[in-house]
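Written out below as structure tokens is the structure these notes cover.
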Amino acid sequence: MKKDKIVVFPIIIKPTNDSKIKYTVNVPDLDRDTQGKSIVEAIDMGKDLIGTMSLVEDLPKSNTKIPKTKDDEIATLVTVNISAYKRKNDERVVKKTVTIPNYLNEEGKAAGLNFSAILSEGIKAKIGIE
């Protein structure tokens, strides 16, 4: 089994004057910003930004150097399991063959049901995914 790819990048968290968005988050290695309402959310949003960028472009090599900051800024390192992030956000569809009673098939078609959507929703509910 292939080992998961985990990356490390510094983020810089800076308070804002906005009462709704309390912090901005910069990922210097990606030259991208995001925001959060608390320090915890800011860190999570920084991780999510890194994960999201991994879906659309190749990331640079991990960087463990913490950048210099101003007095009101916080710099920290975050880790992101890119492999797990990609698995969780993989929206490709896979064809599955299922067997259901004919009467359910006929009633479902007559009602205009989307069998794939119902199956997906049922599986998500069964395993506790939103």
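The values are calculated or read from the model by the stated rules, or taken from the named source; none is laboratory data. Everything numeric in this text was worked out from a predicted model, so none of it was measured. For neighbour counting, all protein chains shown are included, and Cβ atoms are generated from backbone atoms with ideal geometry for every residue, glycine included.
Mind counting the residues in region 74-113 that are out of contact with any Ser or Thr (no Cβ under 9 Å at 6 or more places or on another chain) and either exposed (fewer than 10 other Cβ atoms within 10 Å of the Cβ) or without any contact (Cβ under 8 Å) to a residue 60 or more places away in the chain (or both)? Result for region 74-113: 24. Selection of helices (runs of 4 or more DSSP H) fully inside region 1-114 by the criterion of at least 1 residues being under 30 Å from Gly128 (Cβ atoms) and touching a strand residue (DSSP E or B) at 6+ places or on another chain (Cβ under 9 Å) returns 39-56, 82-88. Look at region 15-35: where a residue is touching a residue at least 24 places away in the same chain (Cβ under 8 Å) and a partner is in a loop (DSSP other than H, G, I, E, B), sitting 6+ places away or on another chain with Cβ atoms under 7 Å, you get Pro15/Lys22; Pro15/Asp72; Pro28/Pro67; Asp29/Pro60; Asp29/Asn63.
Can you tell me which of Ile123, Ile129, Ile118 is over 30 Å from Lys2 (Cβ atoms), outside the structural domain of Ile12 (by TED's automatic domain parsing) and loosely packed, with under 13 Cβ neighbours inside 10 Å?
Being over 30 Å from Lys2 (Cβ atoms), outside the structural domain of Ile12 (by TED's automatic domain parsing) and loosely packed, with under 13 Cβ neighbours inside 10 Å holds for just one of Ile123, Ile129, Ile118, which is Ile118.
Any residue that is touching an Asp or Glu at 6+ places or on another chain (Cβ under 7 Å), closer than 30 Å to Lys22 by Cα and in contact (Cβ under 8 Å) with a residue 24 or more places away in the chain - is there at least one of those in region 53-73? Within region 53-73, one or more residues are touching an Asp or Glu at 6+ places or on another chain (Cβ under 7 Å), closer than 30 Å to Lys22 by Cα and in contact (Cβ under 8 Å) with a residue 24 or more places away in the chain.
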